[in-house]
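Trainee: Attaching a single structure in structure tokens format; questions to follow.
The values are calculated or read from the model by the stated rules, or taken from the named source; none is laboratory data. What you see is a predicted model, and the numbers here were worked out from it, not measured in a lab. Counting neighbours? That spans all protein chains shown, and the Cβs are built from the backbone with ideal geometry, glycine included. Heavy atoms of the whole protein, side chains included, go into the accessibility calculation; ligands, DNA and RNA do not. Shrake-Rupley method; radii C 1.70, N 1.55, O 1.52, S 1.80 Å.
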Amino acid sequence: MSTIHQRALLLAILACCMFGCSKFLDDPQSSTSLPVEAAFQNGQDLEEALTGVYDLCQDGHLYGRNFIVLPELIGGNAVFYGGGFFGLEYVSALNMTATDWYAENSWLTAYAAINQLNAVLAFLPGIRNSDAALSNSQANRIEGEALFLRGLLYFDLVRLFALPIGLNAGQQPGVPLMLNPVLKKEDFQFPEQASVVKVYEQINRDLAAALPLLPEYNSTGRPGQHAARAFLARMAFQEGRYSDAASYTEAMLSSAFDLTDSPQDFFTTEGNTEEIWTLPCSPEDPNGGLSTVFGLGGGNQTFATADYLQAQQEIISPAQQNALGQAGYTAVDLRTDTGYLVTHPLLVQDGVVGWRTNKFEQVQEESDDIPMVRFAEILLLRAEALARLQGSNTESVELLNRVRRRAIRVVDAGKQLVPGGAGFIEYKTGDFPDANSLIEAIIRERRIELAFEGNFFHDQMRLQRPVQGLGYDTCRLRLPIPQRELDVNPNLKQHSCYQ
Amino acid sequence: MQRLAFLTYLTLCSVGLLPAQTSVSGTVRNTENSPLPGVSVQLKNHASGVISGPDGAFRLTVLTAYDTLVFTLLGFTPHELPLAGRTTLEVVLQEASDMLGEVVVVGFGTQEKQLLTGAIAAVGSEVFDNVSAPVFQRALQGQLPGVAITNGSGGPDAESILRIRGVGSISANNQPLIVIDGLTLTGLAGVESLGFLTNAYLGLNPGDIASVTVLKDAAATAIYGARASNGVVLITTKNGSFEQPPRINLNYYAGFSEISKRRELLNGQEYATLWNQAALNTGRDTIPGILYDTSAQPNTDWQDLILQRGFVQEFNAGISGGTAANRYYIGAAYRDEAGYLITTGIKRYSLRVNTEQRLSKRLRAGILLNPSHTVDRRTGNQWAGSPFGWAAWYYPNVEALDANGNFRREVVSTSNGYAGFAGNPGTVLKNRSIKTTTSQLLSSLFLNWSILEGLDFRTELGIESSQVQEFARWYALEGFSGSGWQLHQQLFNYNWTNLIRWRKHWQNRHRLELTVGAQISRENLEGSYISVSGFADDQLSYIGSAAQIDYKESWANDAAFAGFFTRANYSLKNRYLLGLSARYDGSSRFGRNRRFGFFPALSGGWIISEEDFFKVKAVNFLKIRSSIGLSGNSAISDFLARSQVSFEPVYNGQSGFRIVALENDLLGWEKCLQWNAGLEFSLWQDRLQGSLDYFIRDTKDLLLETPVPGTNGVTTLIQNTGAIRNQGFELSLEFAVLRRKHFSWEIRFNGATLKNRILELADNNGDGLDDDFVLNQRMLYRTGSPVGSFFLVKYAGVNPNNGDALFYDLTGNTTTVAPASNRQIVGKSLPGFTGGFSQSFRYRQFDLTAHFHFKTGHKLYLEEHALYNETNMSGTLNQLKTQLNAWTAENPNTDVPQARLFTVNGSQPSTRYLSKADFIRLNHLELGYRLAGTRRDHTNLRFYLAAQNLLTLTPFKGLDPDGEFYPSYSSALGAQRYNLPAARTYTLGLNANF
């Protein structure tokens, strides 16, 4: 081969190599991710986006742990003395700092979920037109769920990161309201906190708009109309709009939901009649630490407080106690019974130190479902709403008794159920001379019935009552606005006690 | 320099002065079959000799036909050839790739060291051979100026953090490109589980390494273009030489290791006492059962129970040599190391075959194969859940062992009922089995075609392939059925390089070397992870025996690179030097229109000592050089530019996706413009040699990932914006203090200063000012400040009146609160001065070497103190003994605040936990004895006693100042959280060559 030919061959080899290159660089494609515009193409994509949000809700930073555990600790139903979840002891002792890890992660995760919901809502109208396979009812359901979840997230954010709405007519800073998706740099915002009342207005708009779009009963793990009503009622309670709460809950009394036979059943049986909306979890798809924080053997010292244990004692009124004593019977509250009657107690002793809830006990698998709202609460909400509207009334008393009959058993000395024993623990209208006494009985019942499910703190806030001995408007009862947010967004305001 | 002078001398005087006896003639060629002019051909043990002509031909007269000729040429291995009766010879000289004094390995070739125009530092095999280091990076600590190496942790499998000339990137990877025998490695061969990433180079036997060259300035790195801005590390492995008789090298050492420093923790009684005090101080003593009976507390020293005397042995055997037609190195190595944490250790089996064949007059081919198999019995290395971390914070006042002396597998409670879960620092080691097995094959193949005289075409294919299997079993504990996981990962990376090289010398006056090439590479990593639970029996090891799958995950990386490059080196009269290089480089990681970048560099040098006017007798070599050029960085996640949603979420049996990033199709290269000026010198017949460099390295269009308000749904935004400047001096000195027949003393020193400053950052909020940002809540990034400045509230000690922790506000007044608004810059995480020095003595058959390395001017934040061990008993965690000094009415003057249970009093992030981290460490001390009476020069037997990490001088308050919690790619370094301190190792070794 002549040298000319050799050189030509070489150049040819190099040239081939070069022309192949631009194609070569196109070849690597991600097998686990997509650009946004490719991800939001059709109705199925919207379903997947929603699934992504439910997965976030299940996460430990939202309902899988923090949104239930933090209010229980701050509210003083439970106290955290140490363990694997480092730093919860400071939440518990109301000694957080602005760099608190729990507050920061809840904030970031909630807004990540909200952004994705905003994207679903923004892409939906176009996909409604373009995707023939997307039925109108499916599109409505998607829109309903997205609106519902957005309202729900803002409801929890504003209740944890801001002062209660009952204070100063809600004019104090709430949380930033993000209602449009951020998908590229130009969409960026540096929002300030909307006032608490503005946030509540948005929650109301979202939930109310979601209500007619949702199916009455949705598939497992998804909220239906009744879940929307339940949260509308909860929100109305926070704002003191009791007639609204009464009408939302009235519509649910005739629904397919009902109390389970015993309080245990709700926590041990999946898909029971009391679940208005539950986030299902499994060993493959665990909750984010709810079981580990509360459960026995999870390495976390989370105990019921003395204050809570005291409240358990007040469930049977002195008059009822008296009557039982005279008859030689005992009332056993299955919610707090530690093994006298029940084989699956909801409260268990841990060492010599104290008692802890056993509502979430799958500490290894973290597979306890996350209770979002259940029927017992609806009964108590309606009972209280009616009491506030009508004073002492028979329907309220009966709703309250329905919850008590399910929870409390009257037995004789031989542990045998006393026929008609419910009469001993049921209230009569006459027990309540005024609205107030009835309301107090309902509130006592709520604390025990819904204990360790993230309720008590929010009740105290709406009632403007103290927690952990501190006035409801105390700064330290709020989660700090995360320092990382303040570092990057000069428009945010920190609570005075974290400054 | 001596050699050049000698050559000149010979050129001038090489006339046959001796009576002609026999005439010998021949041609000298290089391995690429090009004739070599200017080769000194000398009769062994005689002064007579000649220089080969332009066609490589020589002719000289010898005394007998059985004499031996010695061929020498700068840049080539000297070659001795017995005539054995022959009178015509075809001689091939081997390029001296492993002779560092002569030639250094550079990108895609070699260069004569004296003619270099770039900033390059190199070490040879002596750095690795007798040093007990599981990975090559550890042996390089403090060896090369401007190359700062930090241990991720002290475990044998921990990552090493390499920083060449500072930190040029904030969000992209800061680790240099690593190339072994022409194969660009991905650095992805490690495995990430248990909270840290294992070292990607664990499979590479340091004993195989012949040299490591670090390319620092643009003149040296630009030929690696877009992946070179963090510097390039070129590893060359051992090989034989043509016409070299077989040489066997055996090296074995064995010894033990121990933890270099232990934590001083409270014992059971001290813990109980401080706890009671803390409970009392917060009024919690009224909680029933909360107080301990301090007179009856068990006492467990968890560190005692999980530490052991480690063991290490390594065996390296190699044979090298060559004939006229081939050369080879065949080696085998075995390392067995048991760490100082019980149950942990590594075993590495590795083989190497490097061989090269002359196929014909014009064709050569070679193959390099390095299979290795590594078994890593590992555990978590550097976080609170790791055994070492756990041992630091876990209750000391519980009984650790059951009646049989095993760690208790049930829930263990303190006497007041505080319980952990079943499991403790002992069971995390003894009750678990985690085995990571990596099978790796590094291979390259090349074909070299000498087309014309001086013109070569070379094609090289390199493949990095590795398979990782990790099996883990956590055996049953009370309340927990057995669980386990299996991780599988496969890495496949190939490079294909085509080169044309042209070398031309014109009468020793002009030398030109031209390289043109193209390179493509593709790296692909795929893996999966499945964790399971519900094993019926602890005997069952594999996931198939488990009742259920708890979690599953898979990942895939895929990236392609393509580049075209050229380099020209020209020298005039061996004294005026000019270098030019450029690379046009593309990567799949960037947006479609931003993929390609152009990276040129220009350099020049002047060997002043070659000038006729230069007559300073003491200076036998003096060169100045300078370079300027551009290189790039593309070390970001593979699909950042193209992916915004991730398909991982699962809910209730349905799968979904999540938006994780924003649109960024405009993402392109991070560019680094570097200017370098250097001086190289050699004095007093090479007694003192050294170099001095000054560089300014400006990185711009940073791949900057800035934190943004999380209310936008994402927490960061990545874009090409921002700039950083690194500048500094680098000095390297070698001084032969004494060179006597029976005694010699040599000193080596290298040191580098570094000044790092951010020049520009993003302005996301549009206020016209660069936005500061803070990572890890304390690392500040601000224009005008160094990367990773510590941004903390200043701790002011304790109020002697009430035990409150005090902090300074920005006006210098003390307050009891530490809001983030009071943070100020209080130090930097990057060392300002790093380096090392060594002393070598030889007396008769004894030799002694001591190597030190040091880093100064930086601080480290002790997260382990801030979060866990120095919080004056604010939680249930065990504390350091320092906390016994907490404020009490009787002990008012202290800097440890009053102990307050479940209350933050002084444990807010502040300078209380920031510690100076300057240190100097005796890295390696070695005493050797060489047996006398060996017959031939290269036959010897040497015994040696070596110690690693014998001594560290430091004001650091943690255990080991040379460790880092955050991952190696990050710029926000400067923290420790339960890093394992480096092991102290003592070994006894034997090295035999024959």
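Trainee: Could you say whether any residue in the range A:300-322 is of a type in the set (Gly, Ala, Ser), under 20 Å from the mean Cα position of the chain (by Cα) and open to solvent by less than 30 Å² (accessible area, probe 1.4 Å)?
Mentor: Yes; the residues of the range A:300-322 include at least one that is of a type in the set (Gly, Ala, Ser), under 20 Å from the mean Cα position of the chain (by Cα) and open to solvent by less than 30 Å² (accessible area, probe 1.4 Å).
Trainee: Every residue in the range B:214-238 that is open to solvent by 20 Å² or more (accessible area, probe 1.4 Å) and modelled with pLDDT of 90 or more, please.
Mentor: Within the range B:214-238, B:Thr236, B:Lys238 qualify.
Trainee: In addition: Here are some conditions: (1) more than 29 Å from B:Tyr252 (Cβ to Cβ); (2) at pLDDT below 90; (3) buried (at least 24 other Cβ atoms within 10 Å of the Cβ). B:Pro176 meets all but one. Which one does it not meet?
Mentor: Checking B:Pro176 against (1) more than 29 Å from B:Tyr252 (Cβ to Cβ); (2) at pLDDT below 90; (3) buried (at least 24 other Cβ atoms within 10 Å of the Cβ), the one that fails is (2).
Trainee: Within the set of pairs 6 or more residues apart or between chains, which connect a residue that is of a type in the set (Phe, Trp, Tyr) inside the range A:448-461 to a residue that is modelled with pLDDT under 95 and open to solvent by 10 Å² or more (accessible area, probe 1.4 Å) with Cβ atoms less than 7 Å apart?
Mentor: Going by the 7 Å Cβ cut-off, the qualifying pairs are A:Phe452/A:Lys359.
Trainee: Hey, can you tell me all the residues within the range B:200-209 that are out of contact with any helix residue (DSSP H, G or I) (no Cβ under 9 Å at 6 or more places or on another chain), touching a residue at least 60 places away in the same chain (Cβ under 8 Å) and open to solvent by 10 Å² or more (accessible area, probe 1.4 Å)?
Mentor: Kept after step one, since they are out of contact with any helix residue (DSSP H, G or I) (no Cβ under 9 Å at 6 or more places or on another chain), are these residues of the range B:200-209: B:200, B:202-203.
Restricting the remaining residues to those that are touching a residue at least 60 places away in the same chain (Cβ under 8 Å) gives B:202-203.
Within the range B:200-209, B:Leu202 is the sole residue that qualifies.
Trainee: Now for a separate question. Check whether at least one residue in the range A:68-78 is of a type outside the set (Gly, Ala, Ser), in contact with a helix residue (DSSP H, G or I) (Cβ under 9 Å, 6 or more places away or on another chain), modelled with pLDDT of 95 or more and within 28 Å of A:Asp187 (Cβ to Cβ), and report yes or no.
Mentor: Checked the range A:68-78: no residue is of a type outside the set (Gly, Ala, Ser), in contact with a helix residue (DSSP H, G or I) (Cβ under 9 Å, 6 or more places away or on another chain), modelled with pLDDT of 95 or more and within 28 Å of A:Asp187 (Cβ to Cβ).
Trainee: Looking at this structure, is A:Thr220 β-branched (Val, Ile, Thr), crowded, with 22+ Cβ neighbours inside 10 Å and within 14 Å of chain B (Cβ to nearest Cβ)? Working first, answer last.
Mentor: Details: β-branched (Val, Ile, Thr): yes; crowded, with 22+ Cβ neighbours inside 10 Å: no; within 14 Å of chain B (Cβ to nearest Cβ): yes.
Answer is no for this residue.
Trainee: Does B:Ala317 satisfy the criteria of being part of a strand (DSSP E or B) and either of a type in the set (Asp, Glu) or surrounded by fewer than 18 Cβ atoms within 10 Å (Cβ to Cβ) (or both)? Quick ask: steps written out before the conclusion?
Mentor: Working: part of a strand (DSSP E or B): yes; either of a type in the set (Asp, Glu) or surrounded by fewer than 18 Cβ atoms within 10 Å (Cβ to Cβ) (or both): yes.
For B:Ala317, the condition - part of a strand (DSSP E or B) and either of a type in the set (Asp, Glu) or surrounded by fewer than 18 Cβ atoms within 10 Å (Cβ to Cβ) (or both) - is met.
Trainee: Here is a further query. Among the residues of the range A:304-339, which ones are assigned to a loop (DSSP other than H, G, I, E, B) and either in contact (Cβ under 8 Å) with a residue 24 or more places away in the chain or polar (S, T, N, Q) (or both)?
Mentor: As a first pass, look at the range A:304-339 and keep what is assigned to a loop (DSSP other than H, G, I, E, B): A:305, A:314-317, A:328-329, A:334-339.
Correct list: A:Thr305, A:Glu314, A:Ile315, A:Ile316, A:Ser317, A:Gly328, A:Tyr329, A:Leu334, A:Arg335, A:Thr336, A:Thr338.
Trainee: Residues of the range B:779-800 being within 19 Å of B:Leu860 (Cα to Cα) and of a type in the set (Val, Ile, Thr), which ones?
Mentor: The answer is B:Val787, B:Val793.
Conditions tested, residue by residue: (1) farther than 29 Å from A:Lys493 by Cβ; (2) open to solvent by less than 10 Å² (accessible area, probe 1.4 Å); (3) in contact (Cβ under 8 Å) with a residue 40 or more places away in the chain.
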site	(1), (2), (3)
A:Leu88	no, yes, yes
A:Ala93	no, no, no
A:Asp100	no, no, yes
A:Pro125	yes, no, no
A:Arg141	yes, no, yes
A:Leu160	no, yes, yes
A:Phe190	no, no, yes
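Trainee: Hey, any hits in the range B:422-431 for a residue that's modelled with pLDDT under 85, assigned by TED's automatic domain parsing to the domain that holds B:Asp304, crowded, with 24+ Cβ neighbours inside 10 Å and not in a helix (DSSP H, G or I)? First the steps, then the outcome.
Mentor: If we filter the range B:422-431 for residues that are modelled with pLDDT under 85, which is where we start, we get B:422-423.
Filter once more, so that each one left must be assigned by TED's automatic domain parsing to the domain that holds B:Asp304: B:422-423.
Right, trim to crowded, with 24+ Cβ neighbours inside 10 Å and you get B:423.
The next check asks that each one be not in a helix (DSSP H, G or I); those that pass are B:423.
There is at least one residue in the range B:422-431 that is modelled with pLDDT under 85, assigned by TED's automatic domain parsing to the domain that holds B:Asp304, crowded, with 24+ Cβ neighbours inside 10 Å and not in a helix (DSSP H, G or I).
Okay, residues lined up against (1) in the same structural domain as B:Leu197 (by TED's automatic domain parsing); (2) touching a Lys or Arg at 6+ places or on another chain (Cβ under 6 Å); (3) within 30 Å of B:Ile636 (Cα to Cα):
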{"position": "B:Leu951", "(1), (2), (3)": "no, no, no"}
{"position": "B:Phe956", "(1), (2), (3)": "no, no, no"}
{"position": "B:Glu964", "(1), (2), (3)": "no, no, yes"}
{"position": "B:Ser968", "(1), (2), (3)": "no, no, yes"}
{"position": "B:Leu973", "(1), (2), (3)": "no, no, yes"}
{"position": "B:Asn991", "(1), (2), (3)": "no, yes, no"}
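Trainee: Check the range B:574-581 and report whether any residue there is within 14 Å of chain A (Cβ to nearest Cβ), more than 28 Å from the chain's Cα centre (by Cα) and surrounded by fewer than 22 Cβ atoms within 10 Å (Cβ to Cβ). Break it down stepwise before answering.
Mentor: Going residue by residue through the range B:574-581, those that are within 14 Å of chain A (Cβ to nearest Cβ) are none.
Within the range B:574-581, not a single residue is within 14 Å of chain A (Cβ to nearest Cβ), more than 28 Å from the chain's Cα centre (by Cα) and surrounded by fewer than 22 Cβ atoms within 10 Å (Cβ to Cβ).
Trainee: When you check B:Tyr418 against the structure, is it within 13 Å of chain A (Cβ to nearest Cβ), open to solvent by 10 Å² or more (accessible area, probe 1.4 Å) and within 30 Å of B:Arg284 (Cα to Cα), yes or no?
Mentor: Values: within 13 Å of chain A (Cβ to nearest Cβ): yes; open to solvent by 10 Å² or more (accessible area, probe 1.4 Å): no; within 30 Å of B:Arg284 (Cα to Cα): yes.
For B:Tyr418, the condition - within 13 Å of chain A (Cβ to nearest Cβ), open to solvent by 10 Å² or more (accessible area, probe 1.4 Å) and within 30 Å of B:Arg284 (Cα to Cα) - is not met.
Trainee: When you go through B:Thr414, B:Thr436 one by one, which is the residue that is touching a helix residue (DSSP H, G or I) at 6+ places or on another chain (Cβ under 9 Å), touching a residue at least 12 places away in the same chain (Cβ under 8 Å) and hydroxyl-bearing (Ser, Thr, Tyr)? Full working, then the answer.
Mentor: Working: B:Thr436 fails: touching a helix residue (DSSP H, G or I) at 6+ places or on another chain (Cβ under 9 Å).
Exactly one of B:Thr414, B:Thr436 is touching a helix residue (DSSP H, G or I) at 6+ places or on another chain (Cβ under 9 Å), touching a residue at least 12 places away in the same chain (Cβ under 8 Å) and hydroxyl-bearing (Ser, Thr, Tyr), namely B:Thr414.
Trainee: Looking at this structure, is A:Asp244 closer than 24 Å to A:Asn115 by Cβ and either open to solvent by 40 Å² or more (accessible area, probe 1.4 Å) or acidic (Asp, Glu) (or both)?
Mentor: Numbers: closer than 24 Å to A:Asn115 by Cβ: no; either open to solvent by 40 Å² or more (accessible area, probe 1.4 Å) or acidic (Asp, Glu) (or both): yes.
Here the answer is no, as A:Asp244 does not meet what is asked.
Trainee: Could you figure out which of (1) open to solvent by 50 Å² or more (accessible area, probe 1.4 Å); (2) away from chain A (no Cβ under 14 Å); (3) in a strand (DSSP E or B) isn't true of B:Asp538?
Mentor: The number of the failed condition is (3).
Residue-by-condition table, conditions (1) in contact (Cβ under 8 Å) with a residue 40 or more places away in the chain; (2) in a strand (DSSP E or B); (3) under 30 Å from B:Leu140 (Cβ atoms):
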site: B:Val826; (1), (2), (3): yes, yes, no
site: B:Thr834; (1), (2), (3): yes, yes, yes
site: B:Ser840; (1), (2), (3): yes, yes, yes
site: B:His851; (1), (2), (3): yes, yes, yes
site: B:Gly875; (1), (2), (3): no, no, no
site: B:Gln883; (1), (2), (3): yes, no, no
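Trainee: Please tell me if B:Asn620 is touching a Ser or Thr at 6+ places or on another chain (Cβ under 6 Å), more than 19 Å from B:Val232 (Cα to Cα), at pLDDT below 90 and not in a loop (DSSP other than H, G, I, E, B). Explain how you work it out, then say what you get.
Mentor: On the way: touching a Ser or Thr at 6+ places or on another chain (Cβ under 6 Å): yes; more than 19 Å from B:Val232 (Cα to Cα): yes; at pLDDT below 90: yes; not in a loop (DSSP other than H, G, I, E, B): yes.
Yes, satisfied.
Trainee: May I ask you to verify whether A:Glu440 is touching a Leu at 6+ places or on another chain (Cβ under 8 Å), away from chain B (no Cβ under 14 Å) and at pLDDT 95 or above? Steps first, please.
Mentor: Working: touching a Leu at 6+ places or on another chain (Cβ under 8 Å): no; away from chain B (no Cβ under 14 Å): yes; at pLDDT 95 or above: yes.
Spelling it out, it is not the case that A:Glu440 is touching a Leu at 6+ places or on another chain (Cβ under 8 Å), away from chain B (no Cβ under 14 Å) and at pLDDT 95 or above.
Trainee: Within the range A:76-132, work out how many residues are within 17 Å of A:Gln483 (Cβ to Cβ), small (Gly, Ala, Ser) and at the interface with chain B (Cβ under 7 Å from one of its Cβ atoms).
Mentor: 1
Trainee: If you don't mind, another one. Give the residues of the range A:427-442 that are under 30 Å from the mean Cα position of the chain (by Cα) and surrounded by 17 or more Cβ atoms within 10 Å (Cβ to Cβ), sorted by residue number.
Mentor: Answer for the range A:427-442, where residues must be under 30 Å from the mean Cα position of the chain (by Cα) and surrounded by 17 or more Cβ atoms within 10 Å (Cβ to Cβ): A:Ala435, A:Leu438, A:Ile439, A:Ala441, A:Ile442.
Trainee: I'd like to check something: does the range A:389-397 contain any residue that is of a type in the set (A, V, I, L, M) and within 24 Å of A:Ile425 (Cβ to Cβ)?
Mentor: Here is the first cut: in the range A:389-397, the ones of a type in the set (A, V, I, L, M) are A:389, A:397.
When the remaining residues are screened for being within 24 Å of A:Ile425 (Cβ to Cβ), the result is A:397.
There is at least one residue in the range A:389-397 that is of a type in the set (A, V, I, L, M) and within 24 Å of A:Ile425 (Cβ to Cβ).
Trainee: Consider the range A:164-211. How many of its residues are out of contact with any helix residue (DSSP H, G or I) (no Cβ under 9 Å at 6 or more places or on another chain) and away from chain B (no Cβ under 14 Å)?
Mentor: To start, the set of residues in the range A:164-211 that are out of contact with any helix residue (DSSP H, G or I) (no Cβ under 9 Å at 6 or more places or on another chain) comprises A:185-186, A:192, A:201.
Imposing the further condition that a residue be away from chain B (no Cβ under 14 Å) reduces the set to A:201.
Residues flagged as out of contact with any helix residue (DSSP H, G or I) (no Cβ under 9 Å at 6 or more places or on another chain) and away from chain B (no Cβ under 14 Å) within the range A:164-211 amount to 1.
Trainee: With respect to B:Ser160, determine if the residue is of a type in the set (S, T, N, Q) and either open to solvent by 10 Å² or more (accessible area, probe 1.4 Å) or within 18 Å of B:Ala226 (Cα to Cα) (or both). Talk me through it step by step, then tell me what you get.
Mentor: Details: of a type in the set (S, T, N, Q): yes; either open to solvent by 10 Å² or more (accessible area, probe 1.4 Å) or within 18 Å of B:Ala226 (Cα to Cα) (or both): no.
Taking the combined requirement at face value, the residue does not satisfy it.
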